[in-house]
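The values are calculated or read from the model by the stated rules, or taken from the named source; none is laboratory data. Everything numeric here is computed off the predicted structure, so don't read it as measured data. Note that we place each Cβ from the backbone using ideal geometry, even for glycine, and neighbour counts take in every protein chain shown. Accessible surface is based on the protein model in full, side chains and every heavy atom, while ligands, DNA and RNA are left aside. Shrake-Rupley method; radii C 1.70, N 1.55, O 1.52, S 1.80 Å.
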Amino acid sequence: MADIWLMRHGAYEGHRPGYHAPHEAALTVEGRDQVRRSLPLPMGITAIVTSPVPRARQTATLVSHLTGLPIVATSGLLAEWRAPSIVLGRTVETYPPAYRAWRARRLADLHTRARHCTAFLHHTAQRHGRLLAVSHTLLLGVLTHLQEGPAAITTAARTPWQFAERRLLAAPRPAPPLRRTTW
């Protein structure tokens, strides 16, 4: 099974910890420098996949340009959801109640999307070899703690990813052997 490396995008315009990121925010000069400093990549990476969100796509494009590696897929499975304008520039404590309820449902769906994303990444790695997947902090955290089930979201929220940080995605655990029961 091919290795899959996960990478958070670089710093972007308007970044403030604890706030939703503007969807169209571009990498800053510092963000591009972070990406450059993240090189060289681990040995053997042969392809890149990325979220379509601009800051991730720009990170992947810069890595591609600097390394010569192809971007073989852009997938919404790796995307961060687009926050409605009503919460941009607000902290979680000041979100409207209707948005809080929607967000709780959306977070429950995140684990399912992360499972689909893992399958997509493994399928892509079978076709292209060792991958670098560029995405966003919460999804990356859930991907790296997927074995925890839906609790992965809580762990992911407490486990920060630095801009342009890379981590190896653990191989999926095999299913436990079936126990034979006699009746």
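Full extension of the chain segment joining Thr154 with Leu168 gains 3.1 nm, where the gain is 0.36 nm per residue of separation less the Cα-Cα distance. For the stretch 20-128, a/c is not less than 1.5, where a ≥ b ≥ c are the root eigenvalues of the C-alpha gyration tensor, and a/b does not top b/c. That puts it in the oblate class. Extension gain for the segment Glu30 to Thr91, taken as residue separation times 0.36 nm less the Cα-Cα distance, is 19.6 nm to one decimal.
Approximating the spin labels as points 7 Å out from Cα along Cα→Cβ, the Arg127-to-His65 distance works out to 2.6 nm. For the stretch 84-159, the solvent-accessible area of protein heavy atoms averages 51 Å² per residue (probe radius 1.4 Å; ligands and nucleic acids excluded). In this simple spin-label model, placing a label point 7 Å from the Cα along the Cα-to-Cβ direction at both Phe120 and Asp3 gives a separation of 2.4 nm. Per the Kirkwood formula applied to alpha carbons, the stretch 1-55 shows a radius of gyration over Rh ratio, Rg over Rh, of 1.02.
The residue among Ala2, Ser51, Gly14 whose Cα reaches farthest toward the positive pole of the charge dipole of the chain, with charges on the beta-carbon of Lys, Arg, Asp and Glu, is Ala2.
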